[in-house]
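Written out below as structure tokens is the structure these notes cover.
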Amino acid sequence: MRIDSNTQLNFVIGSPIKQSKSPDIHAKMYKVLNINAVLIAIDTPNLPDFVQSMKTLNAGMCAITLPYKTDILQYVDSMSEEVKALGAANTLINREGKIHALNTDVHGIQSGLEDVELKNKNVLIIGAGGAARATAYALKDSNVHIYWMNRTEDKVKLLIQTFGGTYLDADQARTRDIDIIINTTSVGMHPHVDESPLPAYRFKPNQTVFDLIYNPQVTRLLREARQAGAHGISGERLFVEQAIKQIEFCYDVKVDARCRNELHDY
Ligand code: ATR
């Protein structure tokens, strides 16, 4: 990696930030795309000062992770339709001194599902947090029926008001005819790799299971689904695609299929 007077500073902010894989994937993207930039991870910034310093330092972009996805919005100059609808951003772009908030997770989720037939399918979304909301938003024009399953039933009510769908408890989820299962919770994430959000579930070969977790790349949920012959999609796909979209917006480039393949090997 070269650093010179033209190297642009980019950031990822979050807390904790140590586990973030954004510096790795961005370093790889900059190399593959020949972009002179470096992405630095920062824990617990003072948000208003941080946004101001993006302008002062002429930073290109900043990836936003938990817990700042919503709090950051009060300090930005503009936001995309997705961000307005979701109340959460995962990206800031510096456009000539104005900070614009985006949510490229929505694109990453759509990209993960791009080879899956969605029309008239029954989709089970597990979880009811920000990732579940982004998932329902990503599916809003797909003509699917959403079933919601969550540890806390109450949290699903607001999502049903916004996106429609039906609540299922764990027993109902096991017996309902489901085509696509999407895990948006952190259950099964490193270091709790022995956990599953859907234990003792009988997966079917015609099902698709998309686990938004990318660490590990193959979760217990995904492993069990694949063992039963179901089509499994790893959160690694979402992670790489949302990062590609960040770079496409920031540097006004189009990442072609060959570069994409290199990045998906990351
Ligand atoms: P994010 O913004 O990443 O979606 P979040 O808002 O904290 O994160 O949402 C996490 C979701 O995962 C929630 O739906 C949470 O369930 P609750 O609504 O009951 O809190 C779910 N979740 C997290 N840990 C869980 C666990 N151990 N078992 C079941 N569900 C869990």
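The values are calculated or read from the model by the stated rules, or taken from the named source; none is laboratory data. This structure is a prediction, so every number in the text was calculated from the model and none was measured. A quick note on method: Cβ atoms are made from the backbone with ideal geometry, for glycine too, and the neighbour counts reach across all protein chains shown. Quick note on the areas: whole protein, heavy atoms, side chains included, nothing else; ligands and nucleic acids left out. Shrake-Rupley method; radii C 1.70, N 1.55, O 1.52, S 1.80 Å.
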TODO: Could you check, for the stretch 120-131, whether at least one of its residues is closer than 22 Å to A37 by Cα and either under 19 Å from the mean Cα position of the chain (by Cα) or open to solvent by 60 Å² or more (accessible area, probe 1.4 Å) (or both)?
DONE: no
Task: Test: L198 is open to solvent by less than 80 Å² (accessible area, probe 1.4 Å), under 17 Å from the mean Cα position of the chain (by Cα) and within 13 Å of the ligand (Cβ to nearest atom) - done: no
Open item on the list: Restricting to the stretch 78-132, give me the number of residues that are assigned to a helix (DSSP H, G or I) and within 16 Å of the ligand (Cβ to nearest atom).
Closed with: 13
- [ ] May I ask you to list the residues in the stretch 32-43 that are over 16 Å from G60 (Cα atoms) and open to solvent by 60 Å² or more (accessible area, probe 1.4 Å)?
- [x] D43
Task: Residues of the stretch 130-162 satisfying the condition of being farther than 23 Å from T104 by Cα and of a type in the set (S, T, Y) - done: Y147, T152
Task: Test for A228: is it hydrophobic (A, V, I, L, M, F, W, C) and modelled with pLDDT under 95 - done: no
Open item on the list: Quick check on the stretch 182-195: of everything there that is touching a helix residue (DSSP H, G or I) at 6+ places or on another chain (Cβ under 6 Å) and in a loop (DSSP other than H, G, I, E, B), which residue is most open to solvent (accessible area, probe 1.4 Å)?
Closed with: T184
Task: Restricting the stretch 133-167 to residues that are assigned to a loop (DSSP other than H, G, I, E, B) and away from the ligand (no atom under 14 Å from the Cβ), the residue that is most open to solvent (accessible area, probe 1.4 Å) - done: D141
TODO: Please find, among T208, T185, the residue that is hydroxyl-bearing (S, T, Y), touching a Gly at 6+ places or on another chain (Cβ under 7 Å) and either modelled with pLDDT of 95 or more or under 30 Å from K31 (Cα atoms) (or both).
DONE: T185
Task: Positions within the stretch 55-74 being surrounded by fewer than 16 Cβ atoms within 10 Å (Cβ to Cβ) and away from the ligand (no atom under 16 Å from the Cβ), in sequence order - done: K55, T56, L57, N58, Q74
Open item on the list: Among the residues of the stretch 166-186, are any touching a residue at least 12 places away in the same chain (Cβ under 8 Å), closer than 30 Å to A37 by Cα and not basic (K, R)?
Closed with: no
TODO: Return the only residue of E96, E81, E117 being free of Cβ contacts under 8 Å to residues at least 60 places away in the same chain, surrounded by fewer than 21 Cβ atoms within 10 Å (Cβ to Cβ) and within 19 Å of R237 (Cα to Cα).
DONE: E117
